[in-house]
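Here's the structure, in structure tokens; my notes come after.
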Amino acid sequence: MGDRLYGKLDDNLDGRVDIKSLSFEELKEELAARGEKAFRATQMYEWMHVKLARSFEEMTNLSKSLRAGCEERYTYTSLVPVNVQESKIDGTKKFLFGLADGNVVESVWMKYQHGNSVCISSQVGCRMGCSFCASTLDGLERNLTPSEMLDQIYAITRLTGERVSNVVVMGTGEPMDNYDNLLKFLKLLTDEHGLHISQRNVTVSTCGLVPRMRQLAQEHLQITLALSLHATTDEKRRRLMPIANRYSIEELMDACAYYFEQTGRRITFEYSLVGGVNDREEDARELIELARPLCCHVNLIPVNPIKERDYVQSDKECIIRFKNKLEKNKIAVTIRREMGRDIDGACGQLRRRHMTREAGQV
Ligand code: SAH
């Protein structure tokens, strides 16, 4: 088993084991190999994943020598907020976290009636190249480790003092392009010995890496898979998303059907409405045809214009008309509420602004 030890991935920064990315079983083995008793693993796991300790230093029921040994042998991921913005409209908070290597990632905290939701990043940057998205403008820097994905949630829980009930992997990055780390992250996040977030309250969004969607289906998790569809024909999709040159809509729909078949979980289609590009009557009709056989839920997102591209939002009436047409045809549809519009709303904008500022370009 090549990747038995989660910490031993190439993404690990200095070759040491990334202790917060280890499963409980692996932590037990790791500590046993060091001559530690099994209950130490239970204690440490609890410090990391339940009490959300920021360092070994905080693990006060471990001996000083064990803590010192850990400092030497392991890296301990603990994200530090370098910028926090709070929306005056809806209380949404956008966090920019510093990573150990100086990179930054953004995460968003949203308060809904049904609980608190956190949107996390899965990579530093992205290489998918979707034309309307700010996260991909500078390409991919590196994958996030499982612990770096987790700690976005842990740090936000610590900082807000409120429990997170829902997690969406919809921030910067393509989660399926960081598949192994994503899976380890999902297992840690939903582990009954950790924060124990219900799998049903976790959504992973993909631009449509078909083989990975199929692989995820075979994991038989109860998480929701969201597909960023955004267009109803291959030709139109290719104009917005380079990944459409690789996988056709037909292959995508087969992969979605397979996911449903394997997990019993309905797919969500994300559809960002771009004025004059994908918001016409015929687009709605084609979308209905795609959504109907899959019984999927459609989430309409008014495009959030980024200054590097000249896309515009569809006007309000057009969005409502589009939604009504889907509804009339018995497709479950919602319009995504625009949370935090006043605080660098679109994916990747906060990080980009930070980077240009650092580089003295503002
Ligand atoms: N890479 C993943 C997840 C990240 S983006 C994916 O492609 O699904 C989360 C969602 O926001 C995706 O549906 C993405 O296409 C959409 N998105 C990105 N930038 C946007 C923008 N400026 N306006 C509206 N939606 C956007």
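The values are calculated or read from the model by the stated rules, or taken from the named source; none is laboratory data. Everything numeric in this text was worked out from a predicted model, so none of it was measured. Cβ atoms come from the backbone with ideal geometry, glycine included; neighbour counts cover every protein chain shown. What goes into the accessible areas is simple: the full protein's heavy atoms, side chains included, and nothing from ligands, DNA or RNA. Shrake-Rupley method; radii C 1.70, N 1.55, O 1.52, S 1.80 Å.
Remarks
- Among the residues of region 185-241, those that are farther than 21 Å from Arg336 by Cα, of a type in the set (D, E, K, R) and not in a loop (DSSP other than H, G, I, E, B) comprise Lys187, Arg212, Arg214, Asp234, Glu235, Lys236, Arg238, Arg239.
- Looking across region 308-330 at every residue that is in contact with a Pro (Cβ under 8 Å, 6 or more places away or on another chain) and not in a loop (DSSP other than H, G, I, E, B), the one that is modelled with the highest pLDDT is identified as Ile319.
- Pick from region 69-100, criterion in a loop (DSSP other than H, G, I, E, B) and polar (S, T, N, Q), ranking: farthest from Glu58 (Cα to Cα): Ser87
- Filtered by the rule that a residue be within 12 Å of the chain's Cα centre (by Cα) and more than 12 Å from the ligand (Cβ to nearest atom), region 190-223 gives a lone residue, Val202.
- Some residue of region 256-272 being part of a helix (DSSP H, G or I) and more than 26 Å from the chain's Cα centre (by Cα): no
- Hey, Lys37 modelled with pLDDT under 95, more than 20 Å from Arg16 (Cα to Cα), outside the structural domain of Gln123 (by TED's automatic domain parsing) and of a type outside the set (Phe, Trp, Tyr) or not: yes
- You will find that of Leu294, Leu326, the residue that is more than 26 Å from the chain's Cα centre (by Cα), away from the ligand (no atom under 14 Å from the Cβ) and open to solvent by less than 60 Å² (accessible area, probe 1.4 Å) is Leu326 and no other.
- Residue that is under 16 Å from the mean Cα position of the chain (by Cα) and of a type in the set (Ser, Thr, Tyr), where the choices are Ser131, Ser87, Ser147: Ser147
- For region 101-127, taking the residues that are within 11 Å of the ligand (Cβ to nearest atom) and part of a loop (DSSP other than H, G, I, E, B), the one that is nearest to Glu162 (Cα to Cα) is identified as Ile120.
- Some residue of region 113-128 being buried (at least 21 other Cβ atoms within 10 Å of the Cβ), more than 20 Å from Ser205 (Cα to Cα) and either assigned by TED's automatic domain parsing to the domain that holds Leu22 or modelled with pLDDT of 95 or more (or both): no
Table: residues versus (1) modelled with pLDDT of 95 or more; (2) more than 12 Å from the ligand (Cβ to nearest atom); (3) over 22 Å from Leu96 (Cβ atoms); (4) not acidic (Asp, Glu).
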{"site": "Glu286", "(1), (2), (3), (4)": "yes, yes, yes, no"}
{"site": "Leu290", "(1), (2), (3), (4)": "yes, yes, yes, yes"}
{"site": "Asn304", "(1), (2), (3), (4)": "no, no, no, yes"}
{"site": "Gly340", "(1), (2), (3), (4)": "no, yes, no, yes"}
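- In region 128-139, the residues that are part of a loop (DSSP other than H, G, I, E, B) reach residues that are open to solvent by less than 20 Å² (accessible area, probe 1.4 Å) and more than 9 Å from the ligand (Cβ to nearest atom) with C-beta atoms within less than 7 angstrom, at least six apart or across chains, in these pairs: Asp138/Gly125; Gly139/Gly125.
- Long-range neighbours under 7 Å by Cβ, at least six apart or interchain, first residue of a type in the set (Asp, Glu) within region 277-306, second at pLDDT 95 or above and open to solvent by less than 10 Å² (accessible area, probe 1.4 Å): Asp279/Leu273; Asp279/Phe322
- Residue in region 24-61 that is most open to solvent (accessible area, probe 1.4 Å), counting only those that are in a loop (DSSP other than H, G, I, E, B) and in contact (Cβ under 8 Å) with a residue 40 or more places away in the chain: Arg54
- Test: residue in region 160-179 that is away from the ligand (no atom under 16 Å from the Cβ), surrounded by fewer than 17 Cβ atoms within 10 Å (Cβ to Cβ) and polar (S, T, N, Q): yes
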